[in-house]
1. Hey, rough spin-label estimate for C:Gln265 and C:Lys137, points 7 angstrom out along Cα→Cβ, what's it come to in nanometres?
2. Accessible area of the stretch C:147-310 with a 1.4 Å probe: how many percent of it is carbon plus sulfur?
3. What whole-number distance in Å separates the alpha-carbon centres of the stretch C:169-234 and the stretch C:242-269?
4. Residues of the stretch B:283-300 with amide nitrogen under 14 Å from the 7 Å Cα-to-Cβ point of B:Ala274?
5. Working with all protein chains in place, sort C:Met211, C:Met1 by solvent-accessible area computed with a 1.4 Å probe, largest first.
6. Taking a point 7 Å out from Cα toward Cβ as the label site, list the nm distances between D:Arg79 and the same residue in every other copy, smallest first.
7. Take the cross-link list D:Lys173/D:Lys313; A:Lys173/C:Lys173; A:Lys173/B:Lys173; B:Lys173/B:Lys313; A:Lys111/A:Lys173; A:Lys186/C:Lys186 and give me the ones stretching past 20 Å between alpha-carbons.
8. I need the calculated FRET efficiency for the pair A:Thr35 and B:Ala86, taking r as the beta carbon distance and R₀ as 60 Å, to the nearest 0.05.
4 protein chains.
Amino acid sequence: MRIGIYGATGYTGVELIRWLRRHPQAEIVFATSRTYAGQRLSDAFAVADDLPLVDASAADPASCDVAFLCLPHGETTIRTAQEVLATGARVVDLSNDFRLRDVEHYATWFKHPHGAPELLAEAVYGLPELYREQIAKARLVANPGCYPTSVLLALLPLAEAGLLDGQVIVDAKSGVSGAGRSLSLKTHYVEANENFAPYNVGHSHRHIAEMEQELGRAAGAPLHVIFAPHLLPVSRGILSSCYVRLPRDLAPDAVRKIYTERYAQEPFVRLLAAGQLPTLAHSVHSNLCVLGLQQVDDRGNWVIMASEDNLVKGASGQAIQNMNIMFGLPETTGLQ
Amino acid sequence: MRIGIYGATGYTGVELIRWLRRHPQAEIVFATSRTYAGQRLSDAFAVADDLPLVDASAADPASCDVAFLCLPHGETTIRTAQEVLATGARVVDLSNDFRLRDVEHYATWFKHPHGAPELLAEAVYGLPELYREQIAKARLVANPGCYPTSVLLALLPLAEAGLLDGQVIVDAKSGVSGAGRSLSLKTHYVEANENFAPYNVGHSHRHIAEMEQELGRAAGAPLHVIFAPHLLPVSRGILSSCYVRLPRDLAPDAVRKIYTERYAQEPFVRLLAAGQLPTLAHSVHSNLCVLGLQQVDDRGNWVIMASEDNLVKGASGQAIQNMNIMFGLPETTGLQ
Amino acid sequence: MRIGIYGATGYTGVELIRWLRRHPQAEIVFATSRTYAGQRLSDAFAVADDLPLVDASAADPASCDVAFLCLPHGETTIRTAQEVLATGARVVDLSNDFRLRDVEHYATWFKHPHGAPELLAEAVYGLPELYREQIAKARLVANPGCYPTSVLLALLPLAEAGLLDGQVIVDAKSGVSGAGRSLSLKTHYVEANENFAPYNVGHSHRHIAEMEQELGRAAGAPLHVIFAPHLLPVSRGILSSCYVRLPRDLAPDAVRKIYTERYAQEPFVRLLAAGQLPTLAHSVHSNLCVLGLQQVDDRGNWVIMASEDNLVKGASGQAIQNMNIMFGLPETTGLQ
Amino acid sequence: MRIGIYGATGYTGVELIRWLRRHPQAEIVFATSRTYAGQRLSDAFAVADDLPLVDASAADPASCDVAFLCLPHGETTIRTAQEVLATGARVVDLSNDFRLRDVEHYATWFKHPHGAPELLAEAVYGLPELYREQIAKARLVANPGCYPTSVLLALLPLAEAGLLDGQVIVDAKSGVSGAGRSLSLKTHYVEANENFAPYNVGHSHRHIAEMEQELGRAAGAPLHVIFAPHLLPVSRGILSSCYVRLPRDLAPDAVRKIYTERYAQEPFVRLLAAGQLPTLAHSVHSNLCVLGLQQVDDRGNWVIMASEDNLVKGASGQAIQNMNIMFGLPETTGLQ
């Protein structure tokens, strides 16, 4: 499989390359970078990989079977997707440009109309645990956001079973790589180190749109998500704690059974034993999403916790998982 | 003021000494340590303080006006409190031995009867923002737990105003010093670093008893606390995120006014401006508890966040604040 | 004492303010900031201090007895020093504009002539342990660099005793605050975290000029310094390991005696007992420089290690120590 | 290849398993643990690997082709090596029991006679870059220490070229995993975090014996190593800075050429371009040792820096590299 990468020198780009280098069927035919065009990957990062980097204008999308877009949200991503698709190559987009299904929903959340509504309609939301069959046939896959991946895998079994009561509270924590490689005071070492900081708390974070879209579809009814993300002083990893209220008479074993059945065949979802809850260490540097279920009282309150590596299952690993599905490879190829 | 310290070589003990050394009216007359008896503080910690450490059996409680107990929960603390009080000296206890008011409540949470019920009845819960007058006259002050201090200061204004609806969810995060200086795999550097881990999630953490006791009293009705603590990869600091549901028609300004009025005279509670939420950096190395209020939707959901230094306002700083009150000193003496 | 601060919103500026707030005789009459002019200190940092910040053009140097300059190296610092001195106020400069004595030495290291040679000639190098008397009378004190402070305190006793053999190797490590608050990829959290990186290794770092100037003067002969600084993944603290070769027949006790005698009266230099070496924890958040002496073989090789807080004894604490000396206050006022 | 692992639940053991799981020709037939016997790897670490752990007494060494010993230094290791070799299986030992060639040298450094002198004589020092041919035929390979691997790869080219002048200074820094999983105050999170601490400085660290043995053999003359290790607040990674004095008239290009020629064919040694020095980020999570050469003045002083992952090239990765050589596999199998 011939691979093109647009935007190779952000954290998701370099993580993608790291995994693709171990993938037995992948060959990177080009990798673009605005900042480092003409240099090598080892000039942009402390890595031993001398992959040449080119300006996007010098990349030939027709030379690849699939392109990964690791570009900032917006016009550039949409135009690049169009150009790649026009050559017959397929696209996995890691931005949040194609994750919402509905143009009005998009316009509400992003405060402007979508630049390519027909692509929005065509794109498949790339959560393999939910849309494996559609992904296999898709030309354009919208790789899910890092937070939504963890929250959806934590809550989909309950949503599908109709057990959520209309509102969930998600207290989520992410490592700093989730904020990208662009410089900011918030991600300056001295400011982030020995600190822990909430940000974008409330009902405004764009990731909420994805969560509500997919949880609502799964449940067959709207679901209200209260979402409070925080910046953790670690490089990578997300832990999402989802507080839900289940029917009071539902037995703990019944809750557990819903999860074990739902994820029995999933290679990248791991449910911890009763009494165990996930930590970041359970998932970082792997493509796993690790779940723990905890009943917190006898009133029906539960917390469902999900741990994942924001750069792997939350981004580049899941992108490769999608690629494997799109090209008929065993889903775990290159990901273990 | 002549000060005795029992258990000087845990993290709360050494923090207490650090602050007392700057206190203009405090003189440390003895400091005990089982492990380091016969040595100096500089042998136990990388500090420049050569305070001699003695075995508790060599300390004369009659030589001090007030003793701080930084001992492990249990029999030793109770016995030491009795011995000190018998000499006429007063006691500030930093364990959780005297924080619950009711012997049955105590027995329920700790699974055994209290060893000195008469002291339990006499002890004053040492949250100055709530019991300043009682503390002034107390012989025995039970210094609040680190988590409860942050949660109570976050929620008392709403509880007192009768606005809490019977249940709150507290997602709390603490630095590793909160787990003490005893060695454990969980606090081994390689295990805690680059990690983030929930622990004791549910309705079992003993700090819940304190929170429910004081919030319930303030509200005049039982309040159910769902509490999920996590271990942060930092040395010190607590951030508690408290999710509450307020009456839907309550205006944001009205909520804010409740806090500004409640804490107008409090030297160690700081309310951030609308739109700002606290980070650990707002409070560490100070005796402040810093609060932020965030409405998260138009359904009445709010999150109240509190940041404090678990070793200062959450332990030793608050203990000194209590001492100042007990001895009629300005409350901020030595704490700014 | 009325204090003016130029450049209050870098890390040395805010640290200076933190310590001055506890200083019983200091009153801050103005604090300037280009970026945050018109705002308060609490807008620039997560602190509870609402000190107003003004543009430098709005500050009246005549209103202060002493001004601290925490400005970037170069023209602005020189001009500001001139303006302040012209009003009769005194200056403590924290940049490296006035640390070298000789205009040619300056021109060699900085590759351009000095903008105010008469001030260079007048300035006193503000290491109290070396120039206490001159500092007392100085109009303009050049506060030493963070690395040089640690290296000079580590090696001056040997240099003064004529025991250094012409070359020392300094392997130094600094926390990230030493690199300032300006954004850079090197100090981006994800790049600095879990990393350790040498930089400016060799004979090019400008701090070498200070070290060689003062060690050479103390020894009465030129001394060649090989200097390798590294960035540590911590917020604050410097550990400098200085490898020297002493006369083979010099007894360990004799070496130790040189240090104990040299620093017997110094309040901010602490020599650890034989067998102990300093760690960052020995000095951070204090104005101490903590020394350890270690003979490493029977051939005369020794390593002298010095630990200090780069923002305190390496910058703002030492600046206040200098101010105390300049104004006849006890040297430790506000610094313990 | 059937693999046995003794001591699977230390950090080198679990790292070994992580890499062997990706090795296409390796099958783990048993893994022992005293503490976790009867449990699974996922009970000992936050990993998704359910490898069963057995007591060493339940392991059959005859069932494996090669055994890795990740046991503590001493009697147990020696006895286990004897038992495994007796079955005809081969051994890669990760302790420091078999690294010294000479029984007297061993007795000097370890203060007691070696328990199996005939094995000491037979063992091959497992640095592939030095003893590849002997490793291929060895029954017993002594995997080098983490520090010595970095220092030897940094200095062997100069030693072999006869350019070292009899003494080198090594200022080395290691992540905390190098200190193992046994609990200690030094590796307690709160003590190691935001800290940096020298330890075992001087001529006493046992790793010096390995360095001097191999550098001396390479140079054909004794070499004196001054070694100062420090504990870095990171989980993994070593940076060794080696200060050497080379002939003053040796051109920088000539120095560089010695390294490029020496390591031209080495898959796991990477020499950075002139002007670049390695950071931890260059090597962690890989089997690379990354070198940088820096002339520091015009007097012949150079610093050679080496970065490696102490758990990979410094331990388990190198052990697998040795295994690959012993069994005739391509040396990089499973290591990229």
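1. 1.7
2. Within the stretch C:147-310, the accessible surface is 48 percent carbon and sulfur.
3. If you average the Cα positions of each part, the centres end up 24 Å apart.
4. Answer for this model: B:293-296.
5. C:Met1, C:Met211
6. Here the equivalent label points are 4.1, 7.3, 7.9 nm apart from this one.
7. A:Lys173/C:Lys173; A:Lys111/A:Lys173
8. Efficiency computed from Cβ-Cβ geometry: 0.25.
The values are calculated or read from the model by the stated rules, or taken from the named source; none is laboratory data. Everything numeric here is computed off the predicted structure, so don't read it as measured data. Positions of Cβ are backbone-derived with ideal geometry, glycine not excepted, and every protein chain shown enters the neighbour counts. Note: areas computed on protein heavy atoms with side chains; ligands, DNA, RNA excluded. Shrake-Rupley method; radii C 1.70, N 1.55, O 1.52, S 1.80 Å.
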